[in-house]
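The values are calculated or read from the model by the stated rules, or taken from the named source; none is laboratory data. Because the structure is a prediction, the values reported are computed rather than measured. Note that we place each Cβ from the backbone using ideal geometry, even for glycine, and neighbour counts take in every protein chain shown. All accessible areas refer to the heavy atoms of the entire protein, side chains included, with ligands and DNA or RNA removed. Shrake-Rupley method; radii C 1.70, N 1.55, O 1.52, S 1.80 Å.
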Amino acid sequence: MAIVVIAEPHLQVRALFVHVVRNAGYVPLPTAGPEYAGAERPVAALIEPASPDAVALARSLRERYPELPVICVSIYPPGPEIADLRPSAYLIKPFAISELAQALDVAASAAVHSNR
């Protein structure tokens with residue numbers, strides 16, 4: 001099961017990301033808090049870096065899974081507060097849905113290779 005953790009504070013945007021992740025062939029796991037209680041290793045985390053809870057979640061996931069790809073999606077350009085996360089992709093809203101699907105595929109492919 002290829003899980004993508006989604007940490008997006010805005011309900012409508014989170015719902016859209018759930019739809020895109022599912023249509024791309026992954027299992028979306030939306031969360032509003034900074035904790036991931038899943039038993040299975042996700043293939044990627046999709047976060048809004050302007051959300052402190054989302055950044056905390058990404059850092060927590062990285063402690064458990066150091067090579068986990070993090071995809072940032074925001075209306076703001078990348079800032080120094082997430083430099084330590086080394087995002088595998090940074091998409092500025094609005095963006096084409098196909099860009100997010102492609103970033104997910106690249107991240108999931110990298111996650112599979114890092115688990116070998």
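Can you run down the residue pairs with Cβ atoms below 9 Å, 6 or more apart or on separate chains, where the first is in region 67-96 and charged (D, E, K, R) and the partner is outside any loop (DSSP other than H, G, I, E, B) and crowded, with 19+ Cβ neighbours inside 10 Å?
E67/A111; E81/V55; R86/V70; K93/V73; K93/S74
Restricting to region 52-84, name every residue that is of a type outside the set (A, V, I, L, M, F, W, C) and part of a helix (DSSP H, G or I).
P52, D53, R59, S60, R62, E63, R64, P80, E81, D84, listed by residue number.
Restricting to region 3-27, what's the tally of residues that are touching a strand residue (DSSP E or B) at 6+ places or on another chain (Cβ under 6 Å) and open to solvent by less than 20 Å² (accessible area, probe 1.4 Å)? Full working, then the answer.
Initial filter on region 3-27 (touching a strand residue (DSSP E or B) at 6+ places or on another chain (Cβ under 6 Å)): 3-7, 14, 17-18, 21-22, 26-27.
Still in the list and also open to solvent by less than 20 Å² (accessible area, probe 1.4 Å): 3-7, 17, 21.
Final tally of qualifying residues: 7.
Are any residues in region 25-60 more than 24 Å from P80 (Cα to Cα) and without any contact (Cβ under 8 Å) to a residue 24 or more places away in the chain, and if so, which ones?
Selection gives G25, A37, A39.
So, in region 90-109, how many residues would count as being within 20 Å of D53 (Cβ to Cβ) and surrounded by 13 or more Cβ atoms within 10 Å (Cβ to Cβ)?
Residues meeting the conditions: 2.
Do the conditions hold for P87, that is, is it outside any helix (DSSP H, G or I), touching a His at 6+ places or on another chain (Cβ under 9 Å) and either at pLDDT 95 or above or open to solvent by less than 40 Å² (accessible area, probe 1.4 Å) (or both)?
So P87 fails the test.
Find the residue count for region 28-84, including only residues that are among the acidic types (D, E) and under 17 Å from L104 (Cα atoms).
2
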